[in-house]
Every structure is written in C-alpha cells, then in structure tokens.
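The values are calculated or read from the model by the stated rules, or taken from the named source; none is laboratory data. For clarity, every value in this text was computed on a predicted model and none was experimentally measured. Cβ placement follows ideal geometry from the backbone for every residue including glycine, while neighbour counts extend to all protein chains displayed. Ligands, DNA and RNA are excluded from the accessible area calculation, which covers all protein heavy atoms including side chains. Shrake-Rupley method; radii C 1.70, N 1.55, O 1.52, S 1.80 Å.
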Amino acid sequence: MTDTSVEIVPCDRPHPAQVYGTFRLKGDHAISDPATVSAQAFEGCVPLLHDFAPDTWALPDVGFSSYYPESVSGTGGDRTVRCWLGAEDGLPEVSLRQDPGAWDAGQWAYLKAMRPSSEAWFSASGKVDTDLAAATAWAERMAEGGVESAKLLRAIDGLPARARGPVTALANRLDALSGIHRSASRAPTRAEFEKRWDIDGDEDASGEEWEARLALGLPVEDEEEGGGEQQG
C-alpha cells in the first residue's frame, strides 16, 4: 500500500488498487510545502470518488489515497494527482466503477441527494482526531452537507410508497444532526468539541440510511448476521 513503484494491470487481473480519477494541482505559483500539496490532493480526490462510485455504501472494504508530487516548481513540473482505492488483501478482479444505469429513477435520485452529506463525511482528514481547527472545519462541512442532503431528499418526486417514510425520517435525522455538527464547529476547545459532537452516543444517521436504502432496494449490510449484504 505504501510502495510507490506501480505496475499497471487490467482490472480483471489480481490487483491491490485502482485509480479512480486524476486532476492537476491548482495555481500557477510554486508549491513547496508537502502538507499544502497533500491537503489539496485529498480535497480534490473526494468529489472524484463520488463521480466514480456514487453509492459508496456498495464499495467493498477499501481505503482511498493518492499519489502526488511532494512539491511543484513555479516554472513547471508534474502537477498530476492520481486518486486510488486500495485494499491490503487486494480488490475484486473487476473494476469498482459504478454504472448509473444500474439504478432505477428513485434509487438514482436518492444517491444524488445523499452526495453532499457523503462528500462531507469523506472529507475528514487525518488531523480531525487531533487538531481542533481541522475538526471544527469538518464539523461545519458536515452541517452544510447534511442540510443540503435533507433538502434534496425531501424534493425527490416519484418515490415508491414504501420508501417515503424512511426517506423523510432520514431527512429529519440529517437536519437534527446538522444542528449538532454546527454547534461542534463552534467549540472553543477539543474537550468541548467532543462533548458537543457525541450527544447521547448517537452521532450519525446510519440507522435511518439503512432503512431508506432497504426500502429503495439498495444493498445494505445484514445487521443480524454482522456482515455480508442483502438486497431490499
């Protein structure tokens, strides 16, 4: 996973990782700070992940990372960031790219509505657990993403009757969580952030998402068996 030597192989052969997108670092100026390059690479890869795999719940157990130049001169040099998904035990011998044509209209509308919330979730950097500024910035993105997804969920037309209640419940949960996340984003200390973020130990909407996905016929993890997936 950390070896920077790369052998390019087809997806139908054994492979530990798959590139899911590329982009160029922004700006014409020189970038000499590796942390700055790393942050820009991370932020740029999150939306590309959702272009490649709109239903992140359906991905196998993978990590995502990128290859990027540690510094870029002001007069040129490689600015390409390559975003990839990988697993230490290897990936399935197929591409992980998802085809929007595989979903019906209601499923596709749901996935598009959940994208702002999902992108916010995946935007958490490794500094969130230790750095207050990173944590509060992430909490603000979570609040904004949750509000936007809740609004989009409520605007979906033509949902099957069985899905309307669960989707509305999810929208309500996202709105409630957005208030918690907004409060956490304004915390003056790390201890206060933790206190505001984890209210009653119920800080996410995974239960409501599970119910909404099941009602829409999207794959969910089988909670009773503690693993595997089932189709609703």
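If each of Leu132 and Arg13 carries a label point 7 Å out from its Cα toward its Cβ, how far apart are those two points in nm?
That separation, rounded to one decimal, is 5.2 nm.
To the nearest 10 Å², what's Trp57's accessible area with a 1.4 Å probe?
90
Could you list which residues have their amide H under 5 Å from that of Tyr20, counting only those 5 or more apart in sequence or on another chain, with H placed in the peptide plane?
Here the answer is Cys83, Trp84, Leu85, since their amide H atoms fall under 5 Å of that of Tyr20.
Where does each of Ser118, Ser125 land when they are ordered by accessible area, with a 1.4 Å probe and the largest first? List each step's numbers first, then the result.
Values: Ser118 25, Ser125 45 Å².
Ranked from most to least accessible, the order is Ser125, Ser118.
Cα atoms only, region 101-171: Rg and Dmax in Å?
Here Rg and the maximum Cα pair distance are 14.6, 44 Å.
Per residue, how much accessible area does region 119-180 have with a 1.4 Å probe, in Å²?
Accessible surface, normalised per residue, equals 49 Å².
Carbon and sulfur: what percent of region 114-192's accessible surface (1.4 Å probe)?
56
Leaving ligands and nucleic acids out of the surface, order Arg164, Arg82 by accessible area at 1.4 Å, largest first.
Arg164, Arg82
Which residues in region 81-100 place their backbone N less than 16 Å from a point set 7 Å from the Cα of Thr22 along the Cα-to-Cβ direction?
81-85
By the gyration tensor of its Cα atoms, with a ≥ b ≥ c the square roots of the eigenvalues, what is the shape of region 39-197: rounded for a/c under 1.5, prolate for a/b over b/c, or oblate?
Values: a/c = 2.11, a/b = 1.13, b/c = 1.86.
Oblate.
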